[in-house]
Amino acid sequence: AQKITQTQPGMFVQEKEAVTLDCTYDTSDQSYGLFWYKQPSSGEMIFLIYQGSYDEQNATEGRYSLNFQKARKSANLVISASQLGDSAMYFCAMSSQGAQKLVFGQGTRLTINP
Amino acid sequence: DAGITQSPRHKVTETGTPVTLRCHQTENHRYMYWYRQDPGHGLRLIHYSYGVKDTDKGEVSDGYSVSRSKTEDFLLTLESATSSQTSVYFCATGVSGTSGYEQFFGPGTRLTVL
């Protein structure tokens, strides 16, 4: 069975600093995908970034990058130059080929301080 | 945005009453999902659909049923609501794209069972 672990229930970061949100996963599948979602206080789930297990380069989307270390089974989200609007809950998730469904971690609540 | 709406957005009901939540999508995505979100648990999959009239159970399916008679609609029914089903319910759709599998979420429905 697949499992996602996010070990940081909460994080506090000063504005403009970079922040790394940890995510480790467990799967026996060879082909899988890793996702990060942002959930602000308004409640919607916002897709941030995706990494395929066969992608050789780390995914990047603007200020977001995914630090993918396959051997360590980790998929950490890096946010560069954090902004006040980055304060939110962040979820790591994974899918496996053929299943087409996601397993989520418990989330990390990120607070950006001015 | 993938054009996903959920109705109702908020509902308060009493224990033992039936409840149906509706998810409607305009993107013609093949896959549709129902999740519940509870503190400390992240998002957990209730049921999902991989086509019209094709559904399967997720991680927390007890007490829930689903139906999908049209591509665009996915209904979640609580036959006899219990207080443990008080939660925020998210609908999602999924599609395989050029960058891999993508999943998009609706705005959520907050259900309170008294």
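Things to note:
- Members of the range B:42-71 found to be within 9 Å of chain A (Cβ to nearest Cβ) and within 30 Å of A:Thr7 (Cβ to Cβ), listed by number: B:Gly42, B:Leu43, B:Arg44, B:Leu45, B:Tyr48, B:Gly58, B:Glu59
- Residue check: A:Ala71 meets all listed conditions (1) free of Cβ contacts under 8 Å to residues at least 12 places away in the same chain; (2) away from every other protein chain (no Cβ under 14 Å); (3) buried (at least 18 other Cβ atoms within 10 Å of the Cβ) but one, namely (3).
- Test: residue in the range B:32-47 that is at pLDDT 95 or above, part of a strand (DSSP E or B) and farther than 18 Å from B:Pro107 by Cβ: yes
- Any pair with Cβ under 9 angstrom, 6 or more apart, that starts in the range A:75-97 at a residue that is at negative phi and ends at one that is at pLDDT 95 or above and part of a helix (DSSP H, G or I): A:Ile79/A:Asp86
- Given (1) touching a strand residue (DSSP E or B) at 6+ places or on another chain (Cβ under 8 Å); (2) within 10 Å of chain A (Cβ to nearest Cβ), number of the condition B:Pro39 does not satisfy: (1)
- Put simply, of B:Thr82, B:Thr26 the only residue that is surrounded by fewer than 15 Cβ atoms within 10 Å (Cβ to Cβ), touching a strand residue (DSSP E or B) at 6+ places or on another chain (Cβ under 7 Å) and at pLDDT 95 or above is B:Thr82.
- Selection of the range A:8-36 for residues being assigned to a loop (DSSP other than H, G, I, E, B) and either crowded, with 19+ Cβ neighbours inside 10 Å or β-branched (Val, Ile, Thr) (or both) yields A:Cys23, A:Thr27.
- Enumeration of residues in the range B:55-114 that are touching an Asp or Glu at 6+ places or on another chain (Cβ under 8 Å) and not in a strand (DSSP E or B): B:Gly63, B:Ala81, B:Pro107, B:Gly108, B:Leu114
- A single member of A:Thr5, A:Thr60 is without any contact (Cβ under 8 Å) to a residue 12 or more places away in the chain, within 14 Å of chain B (Cβ to nearest Cβ) and on the phi < 0 side of the Ramachandran plot, and it is A:Thr60.
- Of everything in the range B:53-69 that is of a type in the set (Lys, Arg) and modelled with pLDDT under 95, the residue that is surrounded by the most Cβ atoms within 10 Å (Cβ to Cβ) is B:Lys57.
- Residue list for the range A:95-108, filter: in a strand (DSSP E or B), closer than 16 Å to A:Met45 by Cα and touching a Ser or Thr at 6+ places or on another chain (Cβ under 7 Å): A:Leu102
- Unmet criterion (only one of (1) assigned to a strand (DSSP E or B); (2) surrounded by 14 or more Cβ atoms within 10 Å (Cβ to Cβ); (3) among the polar types (S, T, N, Q)) for A:Thr111: (2)
- In the range A:8-36, the residues that are closer than 20 Å to B:Gly58 by Cα, without any contact (Cβ under 8 Å) to a residue 60 or more places away in the chain and among the hydroxyl-bearing types (Ser, Thr, Tyr): A:Ser28
The values are calculated or read from the model by the stated rules, or taken from the named source; none is laboratory data. As the structure is a prediction and not an experimental result, all values here were calculated from the model. A quick note on method: Cβ atoms are made from the backbone with ideal geometry, for glycine too, and the neighbour counts reach across all protein chains shown.
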